[in-house]
1. Run through region 43-126 and list the trypsin sites (Lys or Arg not before Pro) located in a DSSP loop whose Cβ has at most 16 other Cβ atoms within 10 Å.
2. Measure nothing fancy, just the Cα-based angle from helix 253-275's long axis to the longest principal axis of the chain, in degrees from 0 to 90, nearest 10.
3. Rounded, prolate or oblate: pick one for region 138-296, where a ≥ b ≥ c are the square roots of the eigenvalues of its C-alpha gyration tensor, a/c under 1.5 means rounded, and failing that, prolate if a/b is larger than b/c, else oblate.
4. What is the log10 of I(q)/I(0) for the chain, computed with the Debye formula using one identical point scatterer on each Cα and no solvent, at q = 0.12, 0.15 Å⁻¹?
5. Show me 285-291, 32-38 ranked by packing, highest mean number of other Cβ atoms within 10 Å first.
6. Determine the relative contact order of the chain: mean sequence separation of Cα pairs under 8 Å and six or more apart, normalised by residue count, in whole percent.
Amino acid sequence: MRGAALFCSLLLAAAAPAWADTCPPQGIDAGSLQRLKQQKFAIDGTATRNALALGLLDCLSDPDPALRDGIAYGALAQWMRGEQLDAATRRQLRDRLQAMLKEPDANGFRRPFSALVLSEVARTDRIAPWMSPQERAAMVAAAADYLASVRDYRGYDDAQGWRHGVAHGSDWLMQLALNPALERTHLDPMLKAIASQAVPESAHAYVYGEPGRLARPVLYLARHGWLSEAEWIAWFGGLPARIGDPAKAYADTAWLARRHDLLAFLTAIHLEADQSDDAQIKALKRPVAMAMKSVP
């Protein structure tokens, strides 16, 4: 532990200004980060921890899953869940990560892992509010825009690990949906984004658990009690039309993929609603069942 503390303090003094756009951060090698992981990312110095959190952001696009997922995401999630990053750092993380969503992403890792870390940023605001209502509204808009924009549907790769853009975007919306400070005006863009990926126009057949992840924010949005049963019936009832031309039923691969995705999504919600003790979530059973019956 003493060695890790010395290493990090020297790094903060010598290399912090040059950390931008490089992974591992300048002055650190992958072996040093692995040793830090073995020590459970324990860093005594607050300033050093905050600086390294920002320095690790470019590792979220690294093709090595051990560095991207096991270290960069692992460290950031642990520090935020342990309330070890100050509000100023969380704001910088949020702003940089949201900018990363719009940057080139040739390998397909930067955007989904930025969204995953943003779900952790959103969680910190849920646990102990630090965003203003305007900041929270802007994050809701960014999360909905990101989820709706996903067109890279790759999931797990044996050599390169996860991408999982739809699932990570759903996790981000889930943390926002859980926030008691969420406002009714935030609901519609979130549901619109979820609908766009519950039955994706590209007709990608999900195989990595995406429908279940998409279901979670819907369940937690229901707990706010903002929509009547009739409104939920209308929302769920509008989803089957996204499958496509009825004339192509059972004779078109795209049609079949969309049907598969919709039924998986509706089934996930119905199962959770059936088992839930929350009256608002349980009330989703009938609207979902009606939608399932209308699927060709």
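1. Within region 43-126, the qualifying trypsin sites (Lys or Arg not before Pro) (loop, at most 16 other Cβ atoms within 10 Å) are 102.
2. In the chain, helix 253-275 runs at an angle near 80 degrees to the longest axis.
3. oblate
4. At q = 0.12, 0.15 Å⁻¹ the computed log10 ratios are -0.80, -1.12.
5. 285-291, 32-38
6. 13 percent
Each reported figure results from applying straightforward, stated rules to the coordinates on display, with no laboratory input. If you're wondering where the values come from, they're calculated on a predicted model, not measured in any experiment. In this analysis, Cβ positions are derived from the backbone assuming ideal geometry, glycine residues included, and neighbour counts consider all displayed protein chains.
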